[in-house]
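Worksheet: one structure, shown below.
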Number of protein chains: 4
Amino acid sequence: MAHVTLDELNRMDRQAFIAELGDIFEHSPWIAEAAYAPRPFPDLHALYQALTDTVRNADATRQIALIAAHPDLAGKAAREGIITTDSKMEQASAGLDRLTDQEFEKFHKLNDAYRAKFNIPFIVCVRRHGKESILRQFELRLANDEAAERATALNEIFRIAALRLDQRVTAPDRLKVHGRLSTHVLDTYRGNPAAGVKVELFEITSFRPPRRIVCATTNADGRTDGPLIADQPIPIAEYELRFEIGAYFASNGTPAADPPFLGIVPIRFGVAEPEADYHVPLLVTPWSYSTYRGS
Amino acid sequence: MAHVTLDELNRMDRQAFIAELGDIFEHSPWIAEAAYAPRPFPDLHALYQALTDTVRNADATRQIALIAAHPDLAGKAAREGIITTDSKMEQASAGLDRLTDQEFEKFHKLNDAYRAKFNIPFIVCVRRHGKESILRQFELRLANDEAAERATALNEIFRIAALRLDQRVTAPDRLKVHGRLSTHVLDTYRGNPAAGVKVELFEITSFRPPRRIVCATTNADGRTDGPLIADQPIPIAEYELRFEIGAYFASNGTPAADPPFLGIVPIRFGVAEPEADYHVPLLVTPWSYSTYRGS
Amino acid sequence: MAHVTLDELNRMDRQAFIAELGDIFEHSPWIAEAAYAPRPFPDLHALYQALTDTVRNADATRQIALIAAHPDLAGKAAREGIITTDSKMEQASAGLDRLTDQEFEKFHKLNDAYRAKFNIPFIVCVRRHGKESILRQFELRLANDEAAERATALNEIFRIAALRLDQRVTAPDRLKVHGRLSTHVLDTYRGNPAAGVKVELFEITSFRPPRRIVCATTNADGRTDGPLIADQPIPIAEYELRFEIGAYFASNGTPAADPPFLGIVPIRFGVAEPEADYHVPLLVTPWSYSTYRGS
Amino acid sequence: MAHVTLDELNRMDRQAFIAELGDIFEHSPWIAEAAYAPRPFPDLHALYQALTDTVRNADATRQIALIAAHPDLAGKAAREGIITTDSKMEQASAGLDRLTDQEFEKFHKLNDAYRAKFNIPFIVCVRRHGKESILRQFELRLANDEAAERATALNEIFRIAALRLDQRVTAPDRLKVHGRLSTHVLDTYRGNPAAGVKVELFEITSFRPPRRIVCATTNADGRTDGPLIADQPIPIAEYELRFEIGAYFASNGTPAADPPFLGIVPIRFGVAEPEADYHVPLLVTPWSYSTYRGS
C-alpha cells in the first residue's frame, strides 16, 4: 500500500480518511472513523494516541469484537488465504507461512487450547517475535486469567497498529517501533578497526538448522555499511553472529597456526527488547577475543 | 594388550622381547629384533631412539618395505577386518571405521591417486588428526616429491610407534605424545570462579553436524574435575566449547533479560599442535565475555 | 623467638609450656596456663580453640584486664620502646614506627578519643591493615557501643594470637591466617605466556607517594617465581601493580608506536580480605589489555 | 589575533594580505608576499601549498635565513619576552614558559650543543609535543647530519605554519592538524553505558607529579559530552586516564568489597600521532576491566 503523509491525512474528507486508515485495526474501520473528528493531528504520536484511546474508551463488547476480528495465528484462514494483506505479511515475517506439518499441528493445538480457555483468537504482534518466541508466548499467556489476557490482547493489537501506522504514514515524528542491531570489529593485534571481515547473522532455533538472515563485510571503520537489522523490531529470538576472523588475519599476513586458533568466531546472543539498540562488537587478536553488549 | 614395564623388557630373552615389541612397527618385527642387542635401556626415550635409529639406518629397500607393510587408510583391508589390531583401533579413533559410502569413496580416490604417484600406501598417524585434517594431509602431501614424501611417511611411522610404545610400556619417563585441553570459567560479575557451569566439547566438521566429545560441569574452582582431553594427542581439528551461561546466572539469581543476552556461549577454536596444552578459559558476565589461549 | 613444635609443646611441663606461650596474649600468661590441663592437642586449631575459649569463658573483669594490657597503637609506650617485642614488630609491619609527627599526632588524637569513649586502648590486628585502613578502623569503631566494641577488641586479640601462634608453633595443620597475592601475564598478541615482564607492586596511600613493596620478573610461564605476597595476611589497603609492557614488547621485536601506546600498565586494586587469595592477571597486546580478579 | 576568512584574503590588496599573513612564518613576510600573485585560493590547502612551495623553491640562503629567524626554544629571548606573540603562546602550550631553573639549564645546554653542531636554532612544532618529547627530539635530532636536519627544521616550520593558518583563517576546508582523544565507559555488569563516572586526564612525566589536564563526567551514553582533547594536536606524551569506578558502582548500589576491588581505575597510554584519533574505552565490572585503542 502506498505511503500517505500526515499532512494529507489531516486534509482528507471523512470517506478518504477511513479508506486510508480503516484497516490499521483488523476488520474494524469504526476506530479510524472515530479518529476523524479530532483532526488535525500535529504528529504521528497524536494520531496513534487518538486511535488507541478510541479502543481503550470503547465498551467491553466492542473491544471483544475487535479481538475476535483477528485471524488465528498460522490458522486455517491463513492457509486458505482469506486473511487481510497486512496479516498475511505479518505472519510471513515470522515464518508462519512456511511451517512444516508438524509445526502447523503444534500451533493448531495451542490455538485450540487458547480458544477453549479464552474464547478469543490468540493475538500477538508477530513482527516482534521469532517463531520460538511465539510458541513461548502461547505457553506464558495460557496461564493468564481472562481479564489480564484481554488487556494483553489489546496491547498486542496496539503494537500491530503502531507498526502498520509506521509503514503507512509519513510524518515529522516516528513511533518507537524499531530496534537496531549493529556490530564493530576491532583488531587489537594492530590497534585499529578490522576492515574486510565477513560477518553473517543467523537466527538460532531449537528445531531447525540456523537460518542466515544477513551477510556483510566490515568497512575501513570496522563496521558494516549499515546496521545488520534496522527499521523494524528485532524479533525476540536467539541469534548468532559469525565472523570470519581466520580469513581476515590470513589476508593481512598475520602469523597464525594451521588451522588457525580462531577461524570462525561465533557470538550467540538473545534479543529480549525488539525496540532496543543491540550493539555487539568483537575485539580480536589471533589468540583472543572479547564481546559485550555495547552502545 | 597388557602393559609391560621397561624393567621387564630389559630382562627378557630375545624371543620374548620380539614377541612384546614386534608389532610396534606394522608387520616389521626385524626392527624390535635389532633393538635387542643394545639393551638395557635406561628410559623409554632410549628405547624409542634405538628403534627409530634402526629404521633410519636401514637401507632404502627395507625402509620401503616397512612403508609398504602398512594398510591403506580406510581401505578395503580395514573394511574387511584384515589389518592389525593396533591399526584398527587407530583408524577408529579418527572415525575412519564409520565412514559414509560417500566419504569412503573420497578416501578411496585419494588413496588411489597417492598410490599412483608414490607407489606406497598413504601413512599418517591418525590419532593426531580429525577426519577433515586427514583429508587435508592427503592433499598437501600429494604435492610432495618422492624423497620428501618418503621422509614424511617414515616420520609418521615414528609417531605411530611412539604412541604404541606409550600405550604398551610403563617406564620412569614418558614420550611427549600427549596434549591437554582444559577450560576455566570465571564469573567477573561476582569476582569468583563460576561453579556448576555445564560445558560441552564438540568437534566441528564441514560435512557433518557437530559431534559431542565430552560433557562436564565446573567445580568450585571454576574448572572441570579433569582436563577435557588428556593422555592422548588432541586431534588436529576444529572444536567448539559450549558453556551454559544463561542457566548458570539464572541458578544464582543474577538479573537477566528474558531470553538472556547470553544463553549458550560457544567458543570455536582450532587445534594445530596435538601434543600441546590448550587452555581455553571464559571470563563472563551476563552481558560480556572474553576468551583466549591461556596457559 | 625460636619455633617450637606442637609435639614438643604437648610434652612440656607446666612451667616450660607457660614460658613458651605466655606471651601469645599480651602480658596475660594466665591464658596459656589455663590451656595446660587440656593437653595434648591433636593439632594447632585445637590449641588455638583452647586458648581463645579460655578468654571467651573468662569473666568481664579478666577480659577487660586483657584488653587493658595492650599498648596504645603508635602510642608513647611504643615510641619509648617499652612494649613487648611482638607488639613492636607488629606495629612496625604497618609502618606505625615510621610515622611523621603529623601522622603521630593524628593517631594520638584518635587514641585519646577512643580511650575517652571506651576507657580501653584501641586494639587492632595491625598485620591485617595498611596505615590508611587502621585510621579508617578507628573511625568506624568509634561509632560502636561499648558492648560491641569490647567484642570487637577481643576478636582482634584472637587474630593477633592466631598470627603469633602461626609464627611460633610448627604443627601438622596451619591456621587460616595467610593470604596470597599473585599475577600472571599472557601475551594475547602471540597466544603464549609473557616471559621477562618486570612487575612492581606498590601500596597506594592518599598521604604519601606509592611505596614499592616488591619487584619481580615473569618466568617462562608468565608468572613470578613465587607469589608477590604470601605467608602473611595481605594488609587491607590499595595496591598498584605496574607491568613494564612496552619494554616487553620491544624486547621481542613487536611493532609498536613511539612512544608505545602501552608503556607501563598500572593495575590498581583494593584488598578487603587479608586471608584470601588475590590473583590479578594481565592479558595484553600492544594495543589492549584486560584484568580481573582471578582464581 | 582576529580570524579572517579565506574569501576576505582572496579579495585583499597586497599590503593587507601581507599584513594578515606576514607572520605565519617567523619574521619572514616575503613568503606571504610571494603567495599574493597566485590568488585566489579555492581552499586553505591551496593557500598552505602556495606558502610552503615558496619556501621549498627558495634558495638555500633564504631557507637558512628563515630557519635562523626563529628564537631558541625556552631560550633567553623567550625569558626576556622579545619573541613574537605566536612563538610565546606556542612555547607556553608545552609549558616551556614555566621551566624550573634546572630544566631551563637542560634546555639551554641542548640548545648550545645543537647550535654548535648545526649553527641554527633548534626548531620544533612545540604544540605537537609534551616537554619530555621535546627533550627527546633534541637528542634524536642531534644525531642527524646537516642536510637531514635542515630538511627536518623546514618540515617543523611547515607544521608551525599549518597550525597558525588553522587558527587564523576560516575556510571551507580544514588542514589536518588536529587530533582527538575520547573515552567511553561501559558497565558490563549491567550491560549498559556507565553514566556519571568521573574521569580525569593527566599528563605523566618522569620529572614531575602527574599534571591534570581535564576532568569530566560521563553522560547517559557513557561518553563525556565532548572529547577530552580536540581542535588541537594531542601533544606526544604519556597520559593517564583515571576513572572513579568504585564511586560509580557504589552510587548504583552494586555489591562490592570494602575497600572495593576497583576504586580508581588508571589507564596509562602513550600518544605518538598528534593528528590521530585516540579512543580509549573502559569496559568494567566491580571485578574486571578491559581497555583498548578503539575507533
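The values are calculated or read from the model by the stated rules, or taken from the named source; none is laboratory data. Worth saying up front: this structure is predicted, and the values here are computed from it rather than measured. Here Cβ is always computed from backbone atoms with ideal geometry, including for glycine, and neighbour counts include all displayed protein chains. Heads up: the accessible areas ignore ligands, DNA and RNA and are worked out on the full protein's heavy atoms, side chains in. Shrake-Rupley method; radii C 1.70, N 1.55, O 1.52, S 1.80 Å.
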Checklist entry - Within region C:222-237, restricting attention to residues that are open to solvent by 60 Å² or more (accessible area, probe 1.4 Å) and over 17 Å from the mean Cα position of the chain (by Cα), which residue is farthest from B:S295 (Cα to Cα)? => result C:D225
Checklist outcome for this item: Picked from region B:176-202 (must be hydroxyl-bearing (S, T, Y) and crowded, with 21+ Cβ neighbours inside 10 Å), the residue farthest from B:V214 (Cα to Cα) is B:Y189
Item to check | A:D173 being of a type in the set (D, E), within 28 Å of A:H3 (Cβ to Cβ) and either touching a residue at least 40 places away in the same chain (Cβ under 8 Å) or open to solvent by 20 Å² or more (accessible area, probe 1.4 Å) (or both) | outcome: yes
Checklist entry - Which of (1) modelled with pLDDT of 95 or more; (2) closer than 30 Å to A:R159 by Cβ is the odd one out, the single condition A:G294 does not satisfy? => result (1)
Item to check | Members of region D:1-17 found to be more than 23 Å from the chain's Cα centre (by Cα) and under 15 Å from D:A161 (Cβ atoms), listed by number | outcome: D:L9
Checklist entry - Restricting the first residue to region B:72-93 and requiring it to be part of a helix (DSSP H, G or I), which pairs with a second residue that is modelled with pLDDT under 70 and surrounded by 13 or more Cβ atoms within 10 Å (Cβ to Cβ) meet a Cβ separation below 6 Å and a spacing of at least six or different chains? => result B:Q91/B:A78
Next on the checklist: All but one of (1) over 19 Å from C:P286 (Cβ atoms); (2) without any contact (Cβ under 8 Å) to a residue 60 or more places away in the chain; (3) open to solvent by 10 Å² or more (accessible area, probe 1.4 Å) hold for C:T205; state the number of the condition that does not hold.
Outcome noted: (2)
Checklist entry - For C:A68, all conditions in the list (1) in contact with a Gly (Cβ under 9 Å, 6 or more places away or on another chain); (2) away from every other protein chain (no Cβ under 14 Å) hold save one; what is the number of the exception? => result (1)
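Only one residue in C:T85, C:T100, C:T61 is polar (S, T, N, Q) and more than 23 Å from C:L154 (Cα to Cα), so which one is that? Before you say what the answer is, go through the steps one by one.
Values: C:T85 fails: more than 23 Å from C:L154 (Cα to Cα); C:T61 fails: more than 23 Å from C:L154 (Cα to Cα).
Unique residue meeting the criteria: C:T100.
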Checklist outcome for this item: With criteria (1) surrounded by fewer than 18 Cβ atoms within 10 Å (Cβ to Cβ); (2) under 29 Å from A:T52 (Cβ atoms), A:K106 comes up short on (2)
Item to check | Members of region C:238-253 found to be at the interface with chain D (Cβ under 10 Å from one of its Cβ atoms) and either on the phi > 0 side of the Ramachandran plot or open to solvent by 40 Å² or more (accessible area, probe 1.4 Å) (or both), listed by number | outcome: C:E238, C:R242
Next on the checklist: Could you check region A:112-130 and list, in sequence order, the residues that are part of a helix (DSSP H, G or I) and under 11 Å from the mean Cα position of the chain (by Cα)?
Outcome noted: A:V126, A:R127, A:R128
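For region B:113-166, which positions are β-branched (V, I, T) and free of Cβ contacts under 8 Å to residues at least 40 places away in the same chain?
Kept after step one, since they are β-branched (V, I, T), are these residues of region B:113-166: B:120, B:123-124, B:126, B:134, B:152, B:157, B:160.
Answer for region B:113-166, where residues must be β-branched (V, I, T) and free of Cβ contacts under 8 Å to residues at least 40 places away in the same chain: just B:T152.
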Item to check | Considering residues of region B:154-170 that are touching a His at 6+ places or on another chain (Cβ under 8 Å) and surrounded by 21 or more Cβ atoms within 10 Å (Cβ to Cβ) only, the residue nearest to B:I229 (Cα to Cα) | outcome: B:V169
Item to check | For D:S87: the one exception among (1) touching a Pro at 6+ places or on another chain (Cβ under 6 Å); (2) over 25 Å from D:G179 (Cα atoms) | outcome: (2)
Next on the checklist: What's the total number of residues in region D:13-31 that are surrounded by fewer than 22 Cβ atoms within 10 Å (Cβ to Cβ) and assigned to a helix (DSSP H, G or I)?
Outcome noted: 8
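Within region A:237-253, can you find the residues that are part of a strand (DSSP E or B) and of a type outside the set (S, T, Y)? Break it down stepwise before answering.
Step one: list which residues in region A:237-253 are part of a strand (DSSP E or B), which gives A:237-244.
A:A237, A:E238, A:E240, A:L241, A:R242, A:F243, A:E244 - these are the residues of region A:237-253 that are part of a strand (DSSP E or B) and of a type outside the set (S, T, Y).
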Item to check | Filter result (within 30 Å of C:N219 (Cα to Cα) and among the acidic types (D, E)) within region C:155-192 | outcome: C:D187
Next on the checklist: Which residue is farthest from the other protein chains (Cβ to nearest Cβ), if the candidates are limited to region A:181-207 and must be over 15 Å from A:R268 (Cα atoms) and among the small types (G, A, S)?
Outcome noted: A:G196
Next on the checklist: It is to be established whether one or more residues within region B:208-220 are open to solvent by 20 Å² or more (accessible area, probe 1.4 Å) and at the interface with chain A (Cβ under 8 Å from one of its Cβ atoms).
Outcome noted: no
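Okay, residues lined up against (1) more than 14 Å from chain B (Cβ to nearest Cβ); (2) among the small types (G, A, S); (3) closer than 16 Å to A:H70 by Cβ; (4) open to solvent by less than 10 Å² (accessible area, probe 1.4 Å):
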residue: A:R98; (1), (2), (3), (4): yes, no, no, no
residue: A:Q102; (1), (2), (3), (4): yes, no, no, no
residue: A:A116; (1), (2), (3), (4): yes, yes, no, no
residue: A:R128; (1), (2), (3), (4): no, no, yes, no
residue: A:K131; (1), (2), (3), (4): no, no, no, no
residue: A:A143; (1), (2), (3), (4): yes, yes, no, no
residue: A:A151; (1), (2), (3), (4): yes, yes, yes, no
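Select the strands (runs of 3 or more DSSP E) contained entirely in region B:254-295, then report the ones holding at least 3 residues which are open to solvent by less than 30 Å² (accessible area, probe 1.4 Å) and at the interface with another protein chain (Cβ under 7 Å from one of its Cβ atoms).
On the way: elements: B:264-271, B:277-285, B:288-292.
It comes to B:264-271, B:288-292.
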Checklist entry - Among (1) within 11 Å of chain D (Cβ to nearest Cβ); (2) out of contact with any strand residue (DSSP E or B) (no Cβ under 6 Å at 6 or more places or on another chain), where does C:Q232 come up short? => result (1)
